[in-house]
Each structure stands twice: as C-alpha cells, then as structure tokens.
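The values are calculated or read from the model by the stated rules, or taken from the named source; none is laboratory data. As the structure is a prediction and not an experimental result, all values here were calculated from the model. Here Cβ is always computed from backbone atoms with ideal geometry, including for glycine, and neighbour counts include all displayed protein chains. Areas reflect the complete protein model, heavy atoms only, side chains present, ligands, DNA and RNA absent. Shrake-Rupley method; radii C 1.70, N 1.55, O 1.52, S 1.80 Å.
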Amino acid sequence: ASVILYSIGNEITEPAYAKGIKLAQEMIHLIHNIDESRPVSGGMNLMIMSKAVSGKGVYSEDGSGRDESNDEKMKNMNSLVFNMITNIVGTSMNKAANSKKADEVTTPILDALDIAGYNYASGRYKMEGKKHPDRIIFGSETFPQDLPKNWERVKKYPYLIGDFMWTAWDYIGEAGGGAWAYTPDGKGFQKPYPWLLADMGAIDILGNPNGEVMWAQAVWKLLETPKMAVRPLNHPGIRPAKSTWRGTNALPSWSWKDCEGNRTKVEVYFDCARVELYLNDRLLAKGKCKDYRTILTACYLPGKLEAVCFDVQGREVGRTSLMTAKESKIQIMPEKTDSDICFVPIKLGDGFNVECNDDRKLVLTVENGECLGFGSANPRTEESFLTGTYTTYYGSAMAVIRKKENTILYVTDGEAVVSKAL
C-alpha cells in the first residue's frame with residue numbers, strides 16, 4: 001500500500017541517448033505488465049543529462065564507459081560531481097536546466113514516463129505548463145529550504161503534483177554532505193574520515209526530528225500550535241560551513257550545559273505574521289515571519305524559552321515553549337514490540353527534556369539477550385556501532401537488542417548504572 005510510483009532510475013545519463021531511451025521504454029513496458037495500477041517515474045537530473053550529450057557523461061554510447069580511475073572523472077558530469085558543484089553554487093542550480101538544449105535532450109525520457117520526476121530543476125516548473133501541457137511532473141529531489149516556495153507552486157500549477165525534499169531520514173554514506181560543520185575538515189561535499197553519516201536528514205539516524213521537520217509541518221499546514229528549535233550553542237564564535245542540502249540545523253531543545261551567554265538563532269515555525277520571543281518572561285526579541293519561519297537572536301540562560309505568535313491584526317494565534325532540563329540522568333525508553341528485535345532509545349535528561357550538550361560515553365551490557373548495535377547520530381566519529389560503548393550526541397543514543405525471555409539492559413556512564421527489563 002505504501003508504493004505510489006515505480007522509479008526506473010535516479011540521476012542517470014543513459015536516457016540522453018537513443019539507446020537509453022529504448023532501454024527506458026522497455027523497463028516502463030515491463031513494469032506496466034507486472035502492475036498496471038501504478039504509474040512509472042524516475043528521478044531525472046536534467047542538468048546531468050544535458051551535459052552528457054556534450055561528452056561529459058559517465059557512460060558512452062558504445063557502452064565502454066569512461067575511465068574514472070584518475071582526475072578524468074572530475075570532467076564527467078555524474079551525481080557526485082553535480083553535488084560537489086552544487087555545494088559551491090547553491091540553490092541557483094535549480095536554473096541550470098532551463099536552457100532550450102536541456103529541454104530538447106530531456107524531452108524524450110520525460111515524455112516516456114507516466115509522471116516525470118525533476119531533480120533540482122524547479123526553475124522549469126512554471127514554463128512546463130506551456131511547453132509541455134500534457135506532462136505531469138513532480139519534484140523528485142529538491143532542496144529542503146526550497147520547500148515553502150515549491151509547495152506554493154504545487155498548489156498553483158495543476159500539472160505539478162508534489163515535492164520530495166532531500167532528505168527525510170539520515171543515512172550512512174555521502175559522508176558529511178549535508179552537514180553544517182564546525183570542524184576544520186567540514187568544507188566541501190565529500191568530507192574526509194572520520195566523517196561517517198550524510199547528516200542530511202530532517203530526522204537523524206536515530207529517529208529524532210530536527211527543525212526541518214517542524215518547518216515542513218508548518219508549510220504543509222499540519223501545525224495547530226507553533227513549534228520551535230534552536231541552533232547548536234556549543235560552538236561559540238565558530239561560523240559553520242553550510243551545506244546546500246540543509247535549511248537549518250536547529251534542534252528542539254533549550255538544555256545546553258556550560259553555554260551561558262552564548263548567542264544563537266532561535267527558529268519558530270508557524271503560519272503567522274510576527275513572533276515575540278521571551279526568556280523567563282522577559283522579552284528578548286521580535287521578528288516578522290517569512291516562509292512560515294521566524295528567526296530570532298537569543299543569548300542562552302537556563303529556564304523557559306517561549307515564543308508567542310501573532311496574526312496581521314496583532315491577535316495572538318499560538319505559543320510554544322522549551323524548558324531547560326532540571327537534571328541529566330540516563331533514560332532508557334525501549335519501544336513496545338512483539339518482535340525479538342527491539343530498538344531502545346537512550347537519552348540524557350530529566351524524563352521530559354533532553355540535555356543536549358551534556359554528552360557522555362556510555363557502556364551497554366545485555367543480560368539474556370544480544371546487542372546487535374549501539375551508537376549515536378554523530379556524523380563524525382571513530383567509534384564503532386559494534387563495541388557496546390558509544391558517546392551520546394546531543395544527549396541521545398540508540399541500542400538495537402535481540403531480546404529473549406527476561407532480557408535486561410544495563411547502561412552506565414562510569415558513575416550511575418541504569419537497568420531496564422525488555
């Protein structure tokens with residue numbers, strides 16, 4: 001029931017050539033024969049395809065391919081090179097496929113698909129209605145910070161049926177490609193060891209949502225009350241190297257150890273006109289809302305951070321708050337499941353709020369069971385998921401346990417030991 005489309009590929013260059021179009025048509029026909037109830041699509045990067053016909057593709061027409069064993073690969077326009085360039089150029093890459101040449105090259109494959117997927121080509125959305133009135137399209141891969149204007153386009157153009165921002169859940173690979181990095185090795189799309197995770201997710205690899213989720217909820221009109229997130233305070237004076245694949249790195253927490261006086265940006269997500277920000281009932285800042293987000297400056301002090309939202313008439317339309325955790329204890333919160341495989345979030349806090357910047361190395365042991373993995377969402381680390389020892393990241397970690405009858409999980413930080421029956 002979760003399958004709405006079948007995709008024949010992502011950011012491939014073969015459809016720029018006659019041989020690739022023929023293969024695509026064969027694949028589409030095969031899928032239709034297997035399941036005629038669902039349409040066929042593909043994530044087509046129009047810029048990559050248009051560059052391919054200029055001899056900069058990864059694949060040659062005779063099938064021999066190109067030598068990617070040396071610097072020659074940098075001359076070829078594949079997904080990696082596109083991402084590296086995009087990380088420098090930014091979201092203006094959305095207009096890179098607006099040319100007449102790009103339209104000619106990509107039309108055969110886009111018209112062959114039931115629904116055409118556009119990767120990073122939102123600059124063409126408006127013109128497609130006139131150029132290709134019978135084509136149904138969607139944003140198969142877009143930048144998260146473009147969601148507000150892309151969603152307005154979805155509502156405006158009947159042939160544009162949706163948008164997929166990259167990306168929802170974080171993953172291992174494309175190391176550091178989406179990070180707002182605070183370390184000297186944080187520049188560029190491909191970051192060196194020990195970068196591990198992409199750090200592109202609106203949801204981190206443990207399942208914790210960040211500000212991008214809340215921003216999207218506001219755009220989609222899913223919020224009945226405002227939500228708020230805070231950019232990390234524990235890197236004072238360091239300006240992060242920002243990736244194009246992240247619209248914000250804000251986290252829903254106001255618990256930061258040893259960060260008193262540090263300045264940060266507070267983001268409030270809601271459909272409103274303006275926002276007032278209070279800390280311990282004292283007005284800190286005011287600001288106008290743009291694209292469902294209000295960004296305000298604050299200096300950190302423990303307590304209650306509260307945002308109050310107003311409409312254009314000055315009437316209050318909602319408020320939200322974040323509290324500083326009163327203590328930082330190990331919290332073990334296993335999921336409820338009948339499966340023998342159990343995911344167990346482990347957080348540092350007071351049972352209500354995560355103590356984000358109080359990270360500690362935890363040691364995990366299992367009685368009458370087996371630890372299959374233990375780690376955090378830290379995108380840059382040399383720690384292993386297999387040792388049973390890992391440092392929390394912004395107060396969170398996760399264990400994956402194969403449980404049996406009477407399985408007990410023990411977690412210690414070297415001082416306190418907490419146990420939980422699974």
- Message: Please determine whether any residue of region 254-264 is part of a strand (DSSP E or B) and either hydrophobic (A, V, I, L, M, F, W, C) or within 20 Å of V219 (Cα to Cα) (or both).
- Response: no
- Task: Output the residues belonging to region 293-345 that are polar (S, T, N, Q), under 30 Å from E370 (Cβ atoms) and surrounded by fewer than 13 Cβ atoms within 10 Å (Cβ to Cβ).
- Result: T337, S339
- Query: So which residues in region 6-20 are over 12 Å from A52 (Cβ atoms) and open to solvent by less than 50 Å² (accessible area, probe 1.4 Å)?
  - Reply: I8, G9
- Just name the residue that is most open to solvent (accessible area, probe 1.4 Å) out of those in region 236-275 that are over 20 Å from the mean Cα position of the chain (by Cα) and closer than 21 Å to L206 by Cβ. K257
- Task: Looking for whichever is out of contact with any strand residue (DSSP E or B) (no Cβ under 9 Å at 6 or more places or on another chain) and within 24 Å of Y6 (Cα to Cα) here; the options are V105, V81, V89. Which one fits?
- Result: V105
- Query: Would region 282-297 turn up any residue that is under 29 Å from F164 (Cα atoms) and polar (S, T, N, Q)?
  - Reply: yes
- Task: Pick out the one residue from D146, D114, D163, D103 that is in a loop (DSSP other than H, G, I, E, B) and out of contact with any Cys (no Cβ under 7 Å at 6 or more places or on another chain).
- Result: D114
- Task: Residue by residue through region 95-133, note down the ones that are within 19 Å of K155 (Cα to Cα) and touching a helix residue (DSSP H, G or I) at 6+ places or on another chain (Cβ under 6 Å).
- Result: A116, Y120, A121, S122, G123, Y125
- Task: Output the residue which, of all residues in region 195-223 that are aromatic (F, W, Y) and either part of a loop (DSSP other than H, G, I, E, B) or under 19 Å from V154 (Cα atoms) (or both), is least open to solvent (accessible area, probe 1.4 Å).
- Result: W215
- Message: Against the condition hydrophobic (A, V, I, L, M, F, W, C) and part of a strand (DSSP E or B), how does C371 come out, does it pass?
- Response: yes
- Query: Hey, A285 hits all of (1) surrounded by fewer than 18 Cβ atoms within 10 Å (Cβ to Cβ); (2) over 24 Å from the mean Cα position of the chain (by Cα); (3) part of a strand (DSSP E or B); (4) in contact (Cβ under 8 Å) with a residue 24 or more places away in the chain but one; which does it fall short on?
  - Reply: (4)
- First in region 319-337 and within 15 Å of S255 (Cα to Cα) and in a loop (DSSP other than H, G, I, E, B), second anywhere and among the aromatic types (F, W, Y) and open to solvent by 40 Å² or more (accessible area, probe 1.4 Å), Cβ under 9 Å, 6 or more apart: A325/F352; K326/F352
- Note on the structure: Note: among T264, T244, just one is touching a residue at least 12 places away in the same chain (Cβ under 8 Å), β-branched (V, I, T) and touching a helix residue (DSSP H, G or I) at 6+ places or on another chain (Cβ under 7 Å), namely T244
